[in-house]
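Asks: My questions will all concern the structure given below.
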Amino acid sequence: MSTLSLDTPLLVIGAGIMGAGIAQVAAQAGHPVWLYDLREGAAAQALDKLAGGLQALEAKGKLAAGQAQAIAARIRVAGTLEDAAGAGLVVEAIVENVGAKRSLFAQLEGLLSPDAILATNTSSISITAIAQGLKRPRQVVGMHFFNPVPLMKLVEVVSGLETAPAVAEAIHALASAWGKTAVHARSTPGFIVNRIARPYYAETWALLQEQAATPAAIDAALRGAGFRMGPCELMDLIGHDTNLAVTESVYQANYGDKRFQPSLLQRELVDGGLLGRKSGRGFYDHAAGAATPVL
Ligand code: NAI
């Protein structure tokens with residue numbers, strides 16, 4: 001039986017948008033956390049930014065005095081994966097690519113204890129496919145957070161064909177202990193939320209390609225209809241590179257079903273480095289926190 005507790009050492013791999021958020025939430029729940037990124041300096045930079053964000057929350061009275069420092073102190077940068085060999089749980093949030101995720105997990109199997117759970121934050125890739133060829137596919141599970149991780153309640157707990165039920169249960173219980181709303185799903189392309197959201201984005205791209213409305217008009221319309229964010233500002237938040245990779249993965253997994261087809265305009269944004277908030281420009285220019293339309 002796989003058990004996890006709030007003091008299980010956690011290794012978060014990938015210190016981008018999602019990894020930094022996952023590290024923060026885990027440290028807030030009490031875990032000692034290692035944060036690792038392949039890119040030199042990325043984990044330290046993410047930790048600095050995260051610590052600054054926690055200080056700002058403390059200044060606003062949303063964290064008790066001293067809490068920001070205490071939470072940030074639970075997170076350590078791992079210079080190499082070997083530094084984090086004591087982890088009982090890994091959550092990977094690296095690039096949305098099955099080969100990269102599978103080879104990372106294969107490497108971790110050689111480093112971590114056989115009981116360690118290997119969780120992936122993939123938005124769309126089959127959990128069964130990530131586990132394929134590994135020594136311990138029963139330990140592999142999806143733990144899919146939503147952006148921004150500290151604010152969004154949902155965690156999809158995704159089981160591949162070989163995931164042990166006890167592993168999925170342990171992740172469900174842990175996510176609940178972190179204050180999240182955990183939902184079980186079987187591994188199908190896009191799981192629950194991205195399965196439903198892909199055609200929503202696809203229709204947005206179709207409207208844009210038809211020049212039926214500007215991104216700002218589409219966002220204003222959907223906000224006015226009661227959505228918390230419009231689809232264009234949401235895609236800027238997600239990151240167009242990641243969002244395109246997810247769309248391509250769901251499209252391929254559905255044997256090229258038109259409903260999930262990526263858009264040429266989406267590809268253009270990525271090729272132009274207009275990745276959204278993370279690069280400063282996407283549909284909007286995000287300089288100094290303001291969102292002014294680019295397209
Ligand atoms: P990101 O591009 O912000 O960060 C990815 C980080 O992983 C980068 O810092 C990169 O240097 C690092 N990295 C890449 N390959 C690596 C490797 N082999 N080992 C260690 N580090 C490596 O990406 P983001 O948005 O954080 O996405 C990460 C994962 O989370 C993807 O699988 C994505 O589909 C998923 N996800 C993304 C969401 C979003 O809204 N952006 C929402 C939910 C899931």
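Asks: One residue is enough: does segment 224-237 have a residue meeting the conditions touching a Cys at 6+ places or on another chain (Cβ under 7 Å) and outside the structural domain of PRO148 (by TED's automatic domain parsing)?
Replies: The answer is no, given that none of the residues of segment 224-237 is touching a Cys at 6+ places or on another chain (Cβ under 7 Å) and outside the structural domain of PRO148 (by TED's automatic domain parsing).
Asks: I'm told SER124 meets every condition in (1) within 13 Å of the chain's Cα centre (by Cα); (2) at pLDDT 95 or above except one. Can you identify the failing condition by its number?
Replies: Against the list (1) within 13 Å of the chain's Cα centre (by Cα); (2) at pLDDT 95 or above, SER124 comes up short only on (2).
Asks: Give, as residue ranges, the helices (runs of 4 or more DSSP H) completely inside segment 1-115 that count at least 1 residues that are within 11 Å of the ligand (Cβ to nearest atom) and in the same structural domain as GLY133 (by TED's automatic domain parsing).
Replies: Helices (runs of 4 or more DSSP H) meeting the threshold: 17-29, 42-59, 98-109.
Asks: Pairs, please: C-beta under 8 Å, at least 6 apart or cross-chain, first residue under 23 Å from VAL246 (Cβ atoms) and in segment 107-135, second among the small types (Gly, Ala, Ser) and in a strand (DSSP E or B)?
Replies: Filtered contacts from segment 107-135: ALA119/GLY142; THR120/GLY142; ASN121/GLY142; THR122/GLY142; ILE127/GLY142; ILE127/SER159.
Asks: Is it true that VAL294 is β-branched (Val, Ile, Thr) and in contact with a strand residue (DSSP E or B) (Cβ under 6 Å, 6 or more places away or on another chain)?
Replies: yes
Asks: Related question: May I ask you to say which residue of ALA253, ALA173 is among the small types (Gly, Ala, Ser), within 25 Å of VAL140 (Cα to Cα) and not assigned by TED's automatic domain parsing to the domain that holds ARG138?
Replies: None of the others qualify; the one that does is ALA253.
Asks: Provide a single number: the residues in segment 258-295 that are within 16 Å of the ligand (Cβ to nearest atom), among the aliphatic types (A, V, I, L, M) and either touching a Phe, Trp or Tyr at 6+ places or on another chain (Cβ under 6 Å) or outside the structural domain of ILE238 (by TED's automatic domain parsing) (or both).
Replies: Number satisfying all stated conditions: 0.
Asks: Right, something else. When only residues in segment 202-257 that are over 30 Å from THR128 (Cα atoms) and β-branched (Val, Ile, Thr) count, which is farthest from the ligand (Cβ to nearest atom)?
Replies: THR214
Asks: Take the residues of segment 79-107 that are surrounded by 21 or more Cβ atoms within 10 Å (Cβ to Cβ) and more than 18 Å from the chain's Cα centre (by Cα): which is farthest from MET143 (Cα to Cα)?
Replies: So, considering only residues that are surrounded by 21 or more Cβ atoms within 10 Å (Cβ to Cβ) and more than 18 Å from the chain's Cα centre (by Cα), the one farthest from MET143 (Cα to Cα) is ALA84.
Asks: Identify, by number, the condition in (1) part of a loop (DSSP other than H, G, I, E, B); (2) over 23 Å from GLU82 (Cα atoms); (3) not small (Gly, Ala, Ser) that VAL157 doesn't meet.
Replies: The one condition VAL157 does not meet is (1).
Asks: Can you list residue pairs whose Cβ atoms sit under 7 Å apart, with the first residue in segment 146-160 being at positive phi and the second being within 9 Å of the ligand (Cβ to nearest atom)? Count only pairs 6 or more apart in sequence or on different chains.
Replies: Once the first residue is at positive phi and sits in segment 146-160, no partner that is within 9 Å of the ligand (Cβ to nearest atom) comes close enough.
Asks: Would it be correct to say that LEU57 is on the phi < 0 side of the Ramachandran plot and touching a residue at least 12 places away in the same chain (Cβ under 8 Å)?
Replies: Criteria not met by LEU57.
Asks: Scan segment 200-240 for residues that are in a helix (DSSP H, G or I), surrounded by fewer than 20 Cβ atoms within 10 Å (Cβ to Cβ) and under 20 Å from the mean Cα position of the chain (by Cα) and report the count.
Replies: Result for segment 200-240: 2.
The values are calculated or read from the model by the stated rules, or taken from the named source; none is laboratory data. As the structure is a prediction and not an experimental result, all values here were calculated from the model. Here Cβ is always computed from backbone atoms with ideal geometry, including for glycine, and neighbour counts include all displayed protein chains.
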